[in-house]
Each structure stands twice: as C-alpha cells, then as structure tokens.
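In what follows, a structure is listed as structure tokens, so that the remarks can point back to it.
The values are calculated or read from the model by the stated rules, or taken from the named source; none is laboratory data. No experiment lies behind these values; they were computed from the predicted model shown. Every residue, glycine as well, gets a Cβ built from its backbone with ideal geometry; the counts of neighbours run over all protein chains shown.
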Amino acid sequence: MGKKRRLLDEYQFPGVSPAIGNTGEPKGDSLFSQRGKINLSPFFFMMSPELKLMQILKSGALYFALTFGAGFVLGSIRVLWAVPRFGEKTAELMETPIMFVVIILTARWVVRNFAVPPTPSRRLAVGFVAFALLRY
C-alpha cells in the first residue's frame, strides 16, 4: 500500500467506490471524491482547535516551501542567465509573470490537498503563515 495518507484531507477506505450520479458521473456534492476517498472538509467545523491550527500551520509551511523553492530556482536562472543578456529590470519583468502563475498554482494545490475550508479566514491564515515564514 505505497499510498500516503493525508491526515486531515481524505482517508482511503479499501473497497469503497466513488458515488455515482444518474448520469454515471461522480457527484461533486457527495462526501466521496472521484478517487474513492471520503472528503472530510465538510466536517472541518467538528475538528478540535488543535487539529485546525495544525492543518493551517502545515498548509502554510508547505505553501511557503514550494513558492520559496520555485522562487529560488527562478531567481538563480534570472541572475545567471537572464541578467547578463537582458539587464536587471528586464530580467525581473520576465520572471514576475512566471512567479505569479507559480504562486497561484501552488496555492490552489495546497488548498485542495490539505482540504482547507473555503472560508476567507482559514485561507488567509494559510497565506499569513507562509508570509511570516518568508519574513523571519
């Protein structure tokens, strides 16, 4: 069973198939995801405050690590390759849209994989954790 279990996101139940609607497609409003896993995000409000805080801290730390790593790689490419060819400002302007897309995709991936509830306070908390790690 080489699959990783996510603590707060989903739990894999052996032999459970996804919920099927009338059209034969998996239902989006079901507790079952498309991969036969049970989505626990609707039950986030029933979790203890410690588990909620831990989920936010883990999500924020991972978001920080992924965006910081991508920024490190892109910054290295910018300094070593783009700056000598195009100049400082042009190289920064070339890197900015790529980094913007990386930030958006990373945020979406972290929110989906850690089942962060769709409330602004929880998602902003994840962003603030990542920002705090970036600053300190």
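Of the conditions (1) at pLDDT 90 or above; (2) closer than 23 Å to Phe131 by Cα, Phe86 fails just one. Which one is it?
So Phe86 meets the others, but not (2).
Collect the residues in segment 69-112 that are within 15 Å of the chain's Cα centre (by Cα) and loosely packed, with under 13 Cβ neighbours inside 10 Å, keeping them in residue-number order.
Matches in segment 69-112: Gly69, Phe100, Val101, Ile104, Arg108, Arg112.
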